[in-house]
Amino acid sequence: MSEPLTLIATSTFGLEAVVARELKQLGYEDQTVENGRVMFQGDKEAICRCNLWLRSADRILICLGEFTALDFDDLFDETRDLEWERWLPPSARFPVRATAVRSKINSAKNSQKMVKKAIAERMKDHYIKDWFPEDGPLYSVSVSILKDRATLCIDTTGPGLHKRGYRKLTAGAQLKETLAAGLIQLSYWNNERALVDPCCGSGTIPIEAALIGTNTAPGINRSFVAEEWHKIPAELWEQAREEARDLQDLDALSFRLQGYDIDPGMIRMARYHAREAGVDELVHFQDQPLAEFSTPRKYGCIITNPPYGERLGEKEEAEVIYRQMKEVFAPLDTWSIYVLTSHPGFERIFDRKARRRKLYNGRIECTYYQFPGPPPPRKRSPWDDATTSNPDSESETETDAPADDTTDSAD
């Protein structure tokens, strides 16, 4: 490992445990989980690998330092003492964004100015220069002040990690790719099970499931702002991409994934996005009303983000969809069903008790309703005949637990 770094993977509230599990799967186990972020220990290679591989994180930050800041003098002095020259060259563009919550320092705008000035003073002393053109690579600095504790970071990602590169068409309020991946990882779905989204919109959930099921790195087809930094050798990025290409398995899915929507225009968009993501052969999209959905398969997962009815006049339309779900899904008693919505009456309309988890879709507070069904029969192996007295019996065991089994109670 090269020089150790303290890194932060930010996430939407409710997905921190998912991100923590993803980091552990990549080998980064020295971590601290907090609201909206996972702080972990890594190196320059970790910056490359985490940007490429993390599915539910928003961005990867380098933490330059944390300190108590009770006033602007504290903020200036502590910021100037940090080793900004470890990362910022004389040509660096370093815009500063700040937030201040429940702190004695309550002006984000003035905090930005103070941090910018402190970094410039540090750079002047180190590079023996009085002026910096800021015409080089981008090093976006974030300042988070929470309960008088300041955290200063540099962003390595650029456009958020939800920008996979495949979703080039937009239509209304679309589910972020990072949240879609989180919904899947909070379910019991794996690449040996069927998956259906009966309200798929532009196809984000089935496409993200295809990427997960084939072990395709979500960032493989995009670039990151830190690729322009001289401190991170280009070879590290190429090594990380080569690793990702080697680990991809396009033949790993046992079933073709399915997405349906009543709007033919959305289905055309979903098919286009699937082609852009390279998974169009793995996902079947079709325009079809929810009321017509049925499946001959005994086991599988439904993961969907139906209309919420947030806008005036749309609540009744959403409730009609929920009643249709109740009727259409009723025969699927061996399927696991997962529904994200902000509608407070969904569980009552659906008429089933759910495990619940609070998540945010953008600024909208939602609940992820989880109705796990029984696991499918375990596939038999040659070893079973030597270990069971009844070779015809089916042993059922869940093959893969979700990222975090903790949920809000169903009351």
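The values are calculated or read from the model by the stated rules, or taken from the named source; none is laboratory data. Just so it is clear, the structure is predicted and the values come from calculations on it, not from any experiment. For neighbour counting, all protein chains shown are included, and Cβ atoms are generated from backbone atoms with ideal geometry for every residue, glycine included.
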Practice item. For segment 338-349, name all the residues that are buried (at least 20 other Cβ atoms within 10 Å of the Cβ) and either at pLDDT below 95 or farther than 18 Å from T204 by Cβ (or both). Key: H343, F346, E347
Exercise for review: Pick out the one residue from T387, T334, T367 that is exposed (fewer than 12 other Cβ atoms within 10 Å of the Cβ) and either within 23 Å of Q185 (Cβ to Cβ) or at pLDDT below 90 (or both).
Suggested key: T387
**Study point:** Selection from segment 200-219 of residues that are surrounded by 24 or more Cβ atoms within 10 Å (Cβ to Cβ) and in contact with a strand residue (DSSP E or B) (Cβ under 7 Å, 6 or more places away or on another chain)
**Key:** C200, G203, I205, P206, I207, A209, A210
Exercise for review: Kindly provide the set of residues from segment 326-353 that are assigned to a helix (DSSP H, G or I) and without any contact (Cβ under 8 Å) to a residue 40 or more places away in the chain, ordered by number.
Suggested key: K326, E327, F329, F346, E347, R348, I349, F350
Point to revise | From the options L23, L61, L7, L75, residue that is assigned to a helix (DSSP H, G or I) and within 25 Å of G165 (Cα to Cα) | key: L23
**Study point:** Unique residue being in a helix (DSSP H, G or I) and at pLDDT 95 or above when the list is E281, E276, E316
**Key:** E276
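Does T32 meet the test of being among the polar types (S, T, N, Q), part of a helix (DSSP H, G or I), modelled with pLDDT of 95 or more and more than 23 Å from E238 (Cα to Cα)? Let's see the steps before the verdict.
On the way: among the polar types (S, T, N, Q): yes; part of a helix (DSSP H, G or I): no; modelled with pLDDT of 95 or more: yes; more than 23 Å from E238 (Cα to Cα): yes.
Spelling it out, it is not the case that T32 is among the polar types (S, T, N, Q), part of a helix (DSSP H, G or I), modelled with pLDDT of 95 or more and more than 23 Å from E238 (Cα to Cα).
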Check your understanding: In this structure, is N215 assigned to a loop (DSSP other than H, G, I, E, B), modelled with pLDDT of 95 or more and under 27 Å from S294 (Cα atoms)?
Key -> no
Practice item. Kindly provide the set of residues from segment 233-261 that are part of a loop (DSSP other than H, G, I, E, B), among the hydrophobic types (A, V, I, L, M, F, W, C) and touching a residue at least 40 places away in the same chain (Cβ under 8 Å), ordered by number. Key: A252, L253, F255
Practice item. Output the residues belonging to segment 258-278 that are within 16 Å of P289 (Cβ to Cβ) and among the basic types (K, R). Key: none
Review point. Assuming G201 fulfils every condition listed in (1) at positive phi; (2) without any contact (Cβ under 8 Å) to a residue 24 or more places away in the chain; (3) small (G, A, S) apart from one, which condition is it?
Key: (2)
Study note, to complete from the structure: Picking from F94, F67, the residue that is touching a helix residue (DSSP H, G or I) at 6+ places or on another chain (Cβ under 9 Å), in the same structural domain as G42 (by TED's automatic domain parsing) and crowded, with 20+ Cβ neighbours inside 10 Å would be F94
Study note, to complete from the structure: The condition of being more than 17 Å from the chain's Cα centre (by Cα) and of a type in the set (A, V, I, L, M) holds, among A100, A57, A17, only for A100
Study note, to complete from the structure: Reported set for segment 41-71 where residues are over 26 Å from A209 (Cβ atoms) and of a type in the set (F, W, Y) is F67
